[in-house]
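None of the figures in this text is laboratory data; all of them are computed from the coordinates on show. Bear in mind that the values here come from a model prediction, so they are computed numbers and not experimental data. All Cβ positions, even for glycine, are placed from backbone atoms using ideal geometry, and neighbour counts span all protein chains on display.
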């Protein structure tokens, strides 16, 4: 490990970097947070956010790796359909590693996000800071050119993932029959991204590769396994403890909680589940004092895991099309019952948070170890106090059960979702042949 | 000399400023300084009380019986005010002395009536607000006759504690005293309920209530009377009217939000039946103020409700949420009905049905509106319309919903209510001008808002009219938020402009001294003006004043009063126009009798066709969300022929996707018996869009061609292949090899001998390329080899016809009288096109239709309408009853291309709103569909003024295809020696899209009449279902003119989407058969009485 870092440092010196890199891990995390803010502003859906994080952090990772002569770890050839990134060596030599990496985060985000224009200002202030920290304009310009070239190439890669075709595919119609998903209040929004599973996966060989165990068969007879679960959500929801409410709120991660007061409507925004875990990744990279290059690498792996986990989860959601607790409870148990959280607009099985949190936690455990404790403050800006976790899996299992407390999932969606996520996380580790770093 | 010059100067001054009809008088002249001041605090604001911005009300009436009309205004928080009219438009505030300022609390509507029947007008004040029940008790200020009042509400049992908006006094049980309906709303937010069980609940505070007057004490009879009183009825107006002219007062209740409005029909026995869904086809969504009046002078009261749709594009784009079909259908299945966000004008057909014509009448878009008042402001015999509007702050702005609210709240600190309040204060207010429309007759209203003096922008709520200066025209008072109430003097009479009126003050003995519920008809030449004497109109306001009738001439033949007990009193002698007359009840002993009608032209037939067209309920918008209308609901078409040669015509009716088309044989008795045909059953999977009986193989019997069309198929689905069934002794077998291979979605098949070889060839028009609207589909010209085998020779014989457009109908007609059949085709986004036949070659010829007239032509029908031995054409079109109004200078355009380069066609419809063309699609709809636009329009504001040039680059537009439509009227074309001259039809022809046409001398007067039917239900939510046509009969007048026959006279009450009309003899009777989408056919007989 130490030798690896030494080599890296030597290489850095050889490439003619500034004595001290003007930007570090903290700047990476801040930049990604600014990108998250734009996604929150745009009310980016959880699945869309996962995809954006994957391409943005991939860009940073591919930029970083251009500056490594040996131990060059490009993801080209390792991700589905991702071929080599060409970067002119001279161009690399004239550029600054850390500036280029941070700048690439902003540049790719500007290209991809609907409100990406909001990041142009951030690029300008980054440039100003870079100059203040000793970089010449020549180096800065060279770095920007290098990044633009990489961004362009990765955009070609982005364009082939079939996202562009989604708007032409048939929109969703709820299936006929009692056990199937129906839009839920208060917004009764149309089902979100029913064709998300048609996107190219990053690492999984297909969206169905980690199909979860089937959902409990729909049955309204009171002794059926399904209905037992319905009652479970109902009863729990009626007597939530303060701790359970705190947990539900902490992992709500609802990009747009619709408030309705008379004729007034507005949405309260929060980071998505993916945004929450990107935040955690930043926290622990910081805590473990990882280098910028390592941080870029780890974030990219995490984000790719996230994106594929969402594809896998959505594949199952729109295969099983299961009814949400709020719909089944209102119809067969108690018409006045409301879930503690607002039910998001897509079918129930499996639970998104359970799948993605467990998949990411599995990957982070691989990088940082089983008992890496941390304090999660990502929800402070939304008025929710920090929570302490003993390990990533601890956090993930809390994220999973939070959906049960929130009244938006049955237990099997959570348990089987967690298994689904774990399998995905392990697969990423294996497929990317990740050594411990 | 000086006087001369002064006079000249004055006249110059007055001439240089055109005097507007209404003149806003300042409070310095009138002394009306009342101001509905609303102070927002953290404890009380629009968030803590959802109706904080609804405003106050106005009442007009003569409180001291001195012949001058006085004014009462309610203030939500400030004290109410009573102004006594001192003459010369000077008013005196006597509130305190009178004791009518109201209590501390939240005051809403005011209803004036002589409740205790002592001849003096009393005042009922309504209360709401998030306050203790006793602070919400309504007050009844009983007039002591000396300009002082005492609150006797509690004593009389009507100190209702509900959250009241307004109340109406009327004699529902016709026992001679005034009863009371109290309209309440809820202060809790209960929206988008998906549980129908809530509708059956009874809520003590939010539910409406009916009180029966028994000897000056009121009893709650709500449930007994059948009045709905649930917690989701957010009642915003109640208007009383005898809507069905049976002499008993009925009620219309407007409900905000999801609960539908109520139409209470009086059962004469102390109960009401709620009949809205039976009589109205769709209603306003957030119904606010309303009014009921006879706006077309046909003797039947019409209903008008207000909603929130802005007139301009910018505000529309800032307001519109994306179309949500699941939510719309969810509301339907839960019993909440078809609700669309715009004002609705429900024209009473007199037969228990209403035709909604708000858009064709031009009064559908007035922004967030409160008061609607029908009154004849220019005394020309037609009731005009005044609408107030305005909302305290722009919080339904979608940028607020999606961005602004969260942004602000994030940075505000403190208690939730304080943070909400701070956020609120940052939201801007948009002031709007009120609207006034001149009723031009013929269901047409002209926007005269600026011309008649209502240019001032403000927030206006309750309003009332009265003739305050007794000069013969109606003035207006408007209650406004945070500024002084507006007093508008009507300058009509003094301007010397031509006008005539009559004011009638009714009086009767007993407890209903002002004769509430009486109806007056003023007969003047061939005109009759009808007015009902009910005081509550508009929003939170009431007017107990002499009835005001404007007249088209000064000649008055008679006045007929129908008193509340149904006694008739006719005044004939010497009634001069332009005065106020008093009519006191004189018991004549003559009661109103329903006029024995001459029997209707059409009567429901006893025969029926036992076939229910059953749609598969596809939602075409799931495939192409930006299409304006769905295309899967175009059936059934019906073909008729004597299949078994028994002298009786038989029927083939098309089946929808998944349903077999069916053959029915007519019996002597006029029944239809299904003739089971395996060949038809085998093809049930196809959607039959047209069918034609013709002798394909020349063996002397009728074969059958059925088109497989529709939209909900893959582009090359074999289910789109048409079928030819050969008739062998009444058994039909499909000839699989008779037709060339094709998978186009056809719309019409018409037989003609194109090549003059003695057999019948076929033109098959195509409607759409499934999934790729509006790309041009391929049509076919199938040439018959004489034995029933067809070859497509269109590219050789009629190349211009092959891709002529999205064809909806066609017809063979010898235009140039050379004995060769020529072809006329109609289609969507097309001119009607002519193809002249020259020895089997069909060549496109322009100049047969005198104007280019590109429309959404949906049906054509050929008949000799003017009896000059040539075929004229009736052409059905989209009509004028939608948001899309077009003309040559302001066409609708459809741009289409694969803008996103993702292999899918994106159609973008643009149309003119005002002087500029804008996209129909909302920001959400367009960015969902075209991902490349998400960066261009990150906010709703950025899209709110976008036209096509802002959405696409010049390059993209250049490379896109473009279709245009500049004419949406249904018309007839007179064949004048081969040239077709366009003639307009009555306004009713444009009530809705016409999909079915028939002609005959239905009235039996020797002239050909026209029958039009149509309607569309499966359209985008933004356009909304158009359903005003119940079967429109236009009687031929003999000179090329056609006159609308009212439904009561035609006898038609056809509900649903009509797609075909067949005329035939059934059981020896002339019969009309309407083919209705997703329903059973409806049959009518005619010509029986003659």
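With r defined as the distance between the Cβ atoms of residue A:240 and residue A:286 and R0 fixed at 30 Å, what FRET efficiency is calculated, to the nearest 0.05?
The pair residue A:240/residue A:286 has a calculated efficiency of 0.35.
Equivalent-ellipsoid semi-axes (√(5λ), Cα gyration tensor) for segment B:770-839, whole Å, largest first?
Computed over segment B:770-839, the values are 22, 17, 10 Å.
How high is the relative contact order of segment A:194-337, in percent, with contacts defined as C-alpha pairs under 8 Å that are six or more residues apart?
34 percent
Could you work out [θ]222 nm for chain A from helices alone, using -39500 (n - 2.57) per DSSP H run of at least four and dividing by all its residues? Round to the nearest 500 deg cm²/dmol.
Result for chain A: -18000 deg cm²/dmol, rounded to the nearest 500.
Suppose a student asked you for the relative contact order of segment A:74-179, using Cα pairs under 8 Å spaced at least 6 residues apart; what percent would you report?
34 percent
For segment B:858-924, what are the per-bin percents of Cα-Cα distances with bins 5 Å wide, up to the bin holding the maximum?
Reading the bins upward from 0: 4, 13, 14, 17, 12, 13, 11, 8, 5, 3, 2, 0.
For the pair residue B:868 and residue B:584, what calculated FRET efficiency results from E = 1/(1 + (r/R0)^6), where r is the Cβ-Cβ distance and R0 = 35 Å, to the nearest 0.05?
0.05
Taking the Cα-to-Cβ direction at residue B:699 and at residue B:28 and moving 7 Å from each Cα, how far apart do the two end points lie in nm?
Taking the two extended label points, one gets 9.7 nm.
Restricting to Cα atoms and excluding each atom paired with itself, what does the Kirkwood estimate give for segment B:845-887 in Å?
Result for segment B:845-887 stands at 12.4 Å.
Pairwise over distinct Cα atoms, reciprocal of the mean inverse distance: report the Kirkwood radius of segment B:631-690 in Å, one decimal place.
Mean inverse Cα-Cα distance, inverted, gives 12.0 Å.
Just want to confirm a number: the relative contact order over segment B:505-570, from Cα pairs under 8 angstrom separated by 6+ residues, in percent.
35 percent
Taking only the alpha-carbon positions of segment A:223-301 and ignoring solvent, what does the Debye formula give for the base-10 log of I(q)/I(0) at q = 0.10, 0.19, 0.21 Å⁻¹?
Taking Cα atoms of segment A:223-301 as identical point scatterers yields -0.48, -0.95, -1.00.
For segment B:949-994, what is Rg from Cα atoms divided by 2.2 N^0.38 Å, rounded to two decimals?
So the Cα radius of gyration is 1.88 times the expected 2.2 N^0.38 Å.
Note the full-extension length gain between residue B:916 and residue B:573 as 0.36 nm times their separation in residues minus their Cα-Cα distance, in nm to one decimal.
Length gained, residue B:916 through residue B:573: 117.9 nm.
In Å, what is the Rg of the alpha-carbon atoms in segment A:125-177, and how long is Dmax?
Final numbers for Rg and Dmax: 20.9, 66 Å.
When the C-alpha atoms of segment A:303-413 are aligned to their principal axes, what extent does each axis show, in angstrom, from largest down?
46, 32, 22
Quantify how strongly other chains surround peptide A:163-173 by giving the mean number of their Cβ atoms within 10 Å of each of its Cβ atoms.
Partner-chain Cβ atoms within 10 Å, mean over residues of A:163-173: 6.
If you look at just the Cα atoms of chain A, how large are its Rg and its Dmax in Å?
Gyration radius and largest Cα-Cα distance of chain A: 22.2, 73 Å.
Ranked highest first by the average count of other Cβ atoms within 10 Å around their residues, in what order do B:487-499, A:319-331 fall?
Packing proxy ranking, top to bottom: A:319-331, B:487-499.
Compute the Kirkwood hydrodynamic radius of segment B:175-259, taking the inverse of the mean of 1/r over all pairs of distinct Cα atoms, and give it in Å to one decimal.
13.9 Å
Would you report the distance distribution of C-alpha pairs in segment A:83-139 as whole percents per 10 angstrom bin, up to the bin with the largest distance?
Binned Cα distances yield the sequence 21, 45, 30, 3.
Distance between the C-alpha centers of segment B:904-974 and segment B:177-249? Whole Å please.
45 Å
Please list B:221-232, B:974-985 highest first by mean number of surrounding beta-carbon atoms within 10 Å per residue.
The peptides rank, most packed first, as B:221-232, B:974-985.
Over all alpha-carbon pairs of segment A:126-234, lay out the pair-distance distribution in 10 Å bins, whole %, shortest bin first.
10, 20, 24, 18, 14, 10, 5, 0
Based solely on its DSSP helices, what 222 nm [θ] is calculated for chain B when runs of n ≥ 4 H residues each add -39,500 (n - 2.57) and the sum is averaged over all residues, nearest 500 deg cm²/dmol?
Mean residue ellipticity, 222 nm, calculated: -2000 deg cm²/dmol.
What FRET efficiency would be calculated for the residue pair residue B:644, residue B:606, taking the C-beta separation as r and a Förster radius of 25 Å, to the nearest 0.05?
For residue B:644 and residue B:606, the calculated efficiency is 0.60.
Can you pull the semi-axes for chain B, root of five times each eigenvalue of the Cα gyration tensor, sorted largest first, whole Å?
55, 33, 28
Which whole number of Å³ per residue matches the convex hull of the alpha-carbon atoms in segment B:947-1090?
In segment B:947-1090, the Cα convex hull volume per residue is 169 Å³.
What is the ratio of the Cα radius of gyration of segment B:437-501 to 2.2 N^0.38 Å, with N the residue count, to two decimals?
Compared with the compact-globule rule of thumb, segment B:437-501 sits at 1.24.
Each label point is 7 Å from the Cα along the Cα-to-Cβ direction; what then is the distance between the points at residue B:741 and residue B:92, in nm?
The modelled label-to-label distance comes out at 9.7 nm.
Partner chain Cβ atoms within 10 Å, averaged over the residues of B:206-213 - can you pull that number for me?
Across the residues of B:206-213, the mean count of other-chain Cβ atoms within 10 Å is 0.
Please report how far the C-alpha centroid of segment B:393-439 lies from that of segment B:334-364, rounded to the nearest whole angstrom.
About 31 Å separates the Cα centre of segment B:393-439 from the one of segment B:334-364.
Using a 10 Å cut-off on Cβ to Cβ distances, tally the other chain neighbours for every residue of A:269-275 and report the average as a whole number.
Mean partner-chain Cβ count within 10 Å for A:269-275: 1.
Given the C-alpha atoms of segment A:307-363, compute the convex hull and give its volume per residue in Å³.
Cα convex hull per residue, to the nearest whole number: 87 Å³.
Along the three principal axes, how long is segment A:38-193 when you take its alpha carbons, biggest first, rounded to the nearest angstrom?
Answer, in whole Å and largest first: 65, 34, 24 Å.
Once both labels are modelled 7 Å past Cα along the beta-carbon direction, what's the residue B:410-residue A:131 spacing in nm?
So the label points at residue B:410 and residue A:131 sit 2.8 nm apart.
First obtain the Kirkwood hydrodynamic radius of segment B:564-618 from its Cα pairs, then insert it into the Stokes-Einstein equation at 25 °C and 0.890 mPa s, and state the resulting D in µm² per second as a whole number.
The calculation lands on 139 µm²/s.
Which order do the peptides B:445-458, B:204-217, A:404-417 take when ranked by the mean count of other beta-carbon atoms within 10 Å per residue, highest first?
A:404-417, B:204-217, B:445-458
Could you give the Stokes-Einstein D for segment B:717-865 in µm² per second, using the C-alpha Kirkwood radius, 20 °C, 1.002 mPa s?
135 µm²/s
Using only the alpha carbons, work out the radius of gyration and Dmax of the protein assembly as shown in angstrom.
When restricted to the Cα atoms of the protein assembly as shown, Rg and Dmax are 36.5, 118 Å.
Starting from 0.36 nm per residue, how many nanometres of slack lie between residue B:716 and residue B:1055 once their C-alpha separation is accounted for?
Here the answer is 118.5 nm.
Along the Cα-to-C-beta direction of residue B:591, a point sits 7 Å from the Cα; which residues of segment B:243-275 have their amide N less than 17 Å from that point?
Residues B:245-249, B:267-270 fall inside that zone.
Given 0.36 nm per residue, what is the gain on full extension from residue B:554 to residue B:196 after removing their alpha carbon distance, in nm?
123.4 nm
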